[in-house]
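The values are calculated or read from the model by the stated rules, or taken from the named source; none is laboratory data. Computed from a predicted structure; not experimentally measured. Note: ideal-geometry Cβ built from the backbone for every residue, glycine included; neighbour counts use all protein chains shown. We work out accessible area using only protein heavy atoms, side chains counted, and drop any ligands, DNA or RNA first. Shrake-Rupley method; radii C 1.70, N 1.55, O 1.52, S 1.80 Å.
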Amino acid sequence: MSQILARFLVGGAVVSVFAAVGDVLKPKSFAGLFGAAPSVALATLGLTIVAEGVPYATVEARSMIAGALALFAYASFASWIMMRYHFKALLTTICSMPLWFGVAFGVWHFWLR
Amino acid sequence: MRIKFDVSALRQTKWHDYAVRFIFGGLITAVAGIITKQCGPGIGGLFLAFPAIFPAGATLIEKHEKQKKEKHGLEGTTRGTEAASIDAAGAAMGSIGLLAFAFVVWRFVTHHNPWLVLAAATLVWLTVSVLIWDIRKAA
């Protein structure tokens, strides 16, 4: 339980810091880079190294490659939909989530497993 | 195009927007840990690049842009959505940097100081992301 709480606090703090950096940067497309900052990864990998050791973190990082490819597909699709059809950001980003899951698990299943 | 810092943007963000990011960021980190415990690091690792705070961030940008336009008596809905779209395009470029981050950690963390590898991988993420952004802008 204490490990989950530690993950929650460290993850929340790291994500907030990267998001705040993105807030103060201009232009918007540059600030957007921070929407794909390795915030969750830094918090998780750091805690994994401490709790489970380096080999565990190595496997996580390998799988993260599939997650990053999925994020590329997800963010590109959401960007295109919002620019082309002017759908609301919340609706677009939530409804595009299955794409992230499809690409992430697809790449993992066919390439990394 | 020059990169600028605008600290006043922090004042535009309300405390509950910060709270939402903290909670979503914390939740996905905790959930990634639970998934790793239940399903192994192979599946858990996927969630290190999950767009947990992306919807909250995009909605916030859309809202700020809309408010800015409406302050001047203009209709801001379209501009708000376009701003969120531009931010998402930036995130797509950043995700290529994230891929480079994951690759560096995967290949080097076993044989080097893991904390130095995490720091170096973060630097690689920033460098690759900025380079791609720069190339895209110049094209």
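Would you confirm whether or not the stretch A:42-50 contains a residue that is open to solvent by 70 Å² or more (accessible area, probe 1.4 Å) and at the interface with chain B (Cβ under 7 Å from one of its Cβ atoms)? No, the stretch A:42-50 contains no residue that is open to solvent by 70 Å² or more (accessible area, probe 1.4 Å) and at the interface with chain B (Cβ under 7 Å from one of its Cβ atoms). Can you say whether residue A:107 is more than 7 Å from chain B (Cβ to nearest Cβ) and either in contact with a Phe, Trp or Tyr (Cβ under 9 Å, 6 or more places away or on another chain) or at pLDDT 90 or above (or both), as far as the supplied structure shows? So residue A:107 passes the test. If we keep just the residues of the stretch A:4-29 that are more than 19 Å from the chain's Cα centre (by Cα) and within 7 Å of another protein chain (Cβ to nearest Cβ), which is modelled with the lowest pLDDT? Once the filter is applied, the top-ranked residue is A:26. Residues that are in a helix (DSSP H, G or I) and more than 7 Å from chain A (Cβ to nearest Cβ) within the stretch B:9-26 comprise B:11, B:12, B:15, B:16, B:17, B:19, B:20, B:24, listed in sequence order.
For the residues A:87, A:18, the requirement of being outside any helix (DSSP H, G or I), free of Cβ contacts under 8 Å to residues at least 40 places away in the same chain and open to solvent by 10 Å² or more (accessible area, probe 1.4 Å) singles out A:87. Taking the conditions (1) surrounded by fewer than 24 Cβ atoms within 10 Å (Cβ to Cβ); (2) at the interface with chain A (Cβ under 7 Å from one of its Cβ atoms); (3) touching a helix residue (DSSP H, G or I) at 6+ places or on another chain (Cβ under 7 Å); (4) assigned to a helix (DSSP H, G or I) in turn, residue B:78 satisfies each one other than (3).
May I ask you to verify whether residue B:59 is of a type in the set (Ser, Thr, Tyr), over 17 Å from residue A:94 (Cα atoms), surrounded by fewer than 22 Cβ atoms within 10 Å (Cβ to Cβ) and facing another protein chain (nearest Cβ under 7 Å)? No.
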